[in-house]
Amino acid sequence: EAEVAQSPRYKITEKSQAVAFWCDPISGHATLYWYRQILGQGPELLVQFQDESVVDDSQLPKDRFSAERLKGVDSTLKIQPAELGDSAMYLCASSTPRDGYYEQYFGPGTRLTVT
Amino acid sequence: SQQGEEDPQALSIQEGENATMNCSYKTSINNLQWYRQNSGRGLVHLILIRSNEREKHSGRLRVTLDTSKKSSSLLITASRAADTASYFCATVFYGQNFVFGPGTRLSVLP
């Protein structure tokens with residue numbers, strides 16, 4: 001069964017450093033999401049892509065976060081500079097319509113620790 | 001702010017018992033979905049219920065939706081230790097606009 005791939009699985013970085021996460025959605029899925037999940041809480045949307053276009057980035061801290069999906073396939077999320085409060089799980093998901101409805105398929109996530 | 005709110009925040013039961021968790025939301029939705037997350041992993045889709053449906057079953061899962069009360073419940077029957085996980089409801093307003101709640105942490109004791 002096709003899966004969403006993410007790398008790295010774990011990342012430890014010092015504050016003020018740059019960090020990047022990669023996501024490869026399920027083939028054919030036009031919609032891609034990046035979420036941040038703080039321990040003990042639900043996922044919060046950072047950015048949503050439809051093909052290569054940003055649909056929603058209203059909750060993305062644009063002073064330090066950037067995201068791109070240049071060819072409408074895989075995507076990169078970058079943080080520069082990282083802050084202690086960025087420590088969280090970063091989840092990527094993709095979706096495609098089925099019977100007119102969308103379900104999300106999640107990758108395993110990247111656990112970021114900022115020291 | 002998060003739309004869905006799960007209740008309870010945490011639930012501990014014995015293997016074989018039923019587990020019920022609830023989700024409340026504030027505005028009209030297109031559909032509501034439940035997801036499971038094992039510790040340190042990504043979320044897995046469990047079941048989707050449309051706004052015009054009242055109840056849906058999938059294996060040991062039963063989901064209800066009451067749009068007049070803006071609430072949903074997820075029932076897991078005959079729970080197993082492998083059901084230990086966090087469960088999230090996601091309210092979908094239109095198309096692909098998902099909002100996840102804070103989750104219910106379920107522990108099933110052997």
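Each reported figure results from applying straightforward, stated rules to the coordinates on display, with no laboratory input. No experiment lies behind these values; they were computed from the predicted model shown. Heads up, the Cβs are rebuilt from the backbone with ideal geometry, glycines too, and the neighbour counts pull from every protein chain shown.
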Could you give the Stokes-Einstein D for chain B in µm² per second, using the C-alpha Kirkwood radius, 4 °C, 1.567 mPa s?
94 µm²/s
Give the average, rounded to an integer, of partner chain Cβ atoms located within 10 angstrom of each Cβ in A:87-99.
2
When the charge dipole of chain A is computed with +1 on Lys and Arg Cβ and -1 on Asp and Glu Cβ about the Cα centre, the Cα farthest towards its positive end, among A:SER66, A:SER16, A:VAL4, belongs to A:SER16
Taking the square root of 5λ for each eigenvalue of the C-alpha gyration tensor of the range A:5-103, the equivalent ellipsoid has semi-axes, largest first and in whole angstrom, of 24, 14, 13
Ranked by how many other beta carbons lie within 10 Å on average, peptides B:85-92, B:10-17, A:107-114 from highest
B:85-92, A:107-114, B:10-17
Cα pair distances in the protein assembly as shown, grouped into 10 Å bins until the bin that holds the longest one, percent each:
8, 33, 35, 19, 5, 0
If you take each beta carbon of peptide B:92-103 and count the beta carbons of other chains within 10 angstrom, what is the mean?
5
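In the protein assembly as shown, how many lysine pairs have Cα atoms under 13 Å apart, counting only pairs 8 or more places apart or on different chains? Show your work: numbers first, answer last.
Values: A:LYS11/A:LYS78; A:LYS62/A:LYS78; B:LYS26/B:LYS69; B:LYS26/B:LYS70.
Eligible lysine pairs with Cα atoms under 13 Å apart amount to 4.
Return a whole-number percent for the relative contact order of chain B, with Cα pairs under 8 Å and 6 or more residues apart as the contact set.
Relative contact order for chain B comes out at 39 percent.
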Treating only the Cβ of Lys, Arg, Asp and Glu as charged (+1, +1, -1, -1), what charge dipole size does the range A:5-103 show about its Cα centre? Round to the nearest 20 debye.
280 debye
Between the modelled labels at B:THR67 and B:ASP7 (7 Å from Cα along Cα→Cβ) the distance in nm is 2.2 nm
Point-charge dipole on Cβ atoms (K/R +1, D/E -1) for the protein assembly as shown, about Cα centre, debye to 20:
240 debye
So how far apart, in nm, are the two label points at A:ALA2 and B:LYS26 if each is 7 Å from Cα heading toward Cβ?
3.6 nm
Modelled label-to-label distance, A:ASP56 and B:LYS56, 7 Å Cα→beta-carbon offset: nm?
1.8 nm
Can you list residues whose amide H is under 5 Å from A:VAL47's amide H, if they're 5+ apart or on another chain and H is modeled 1.01 Å from N?
A:TRP34
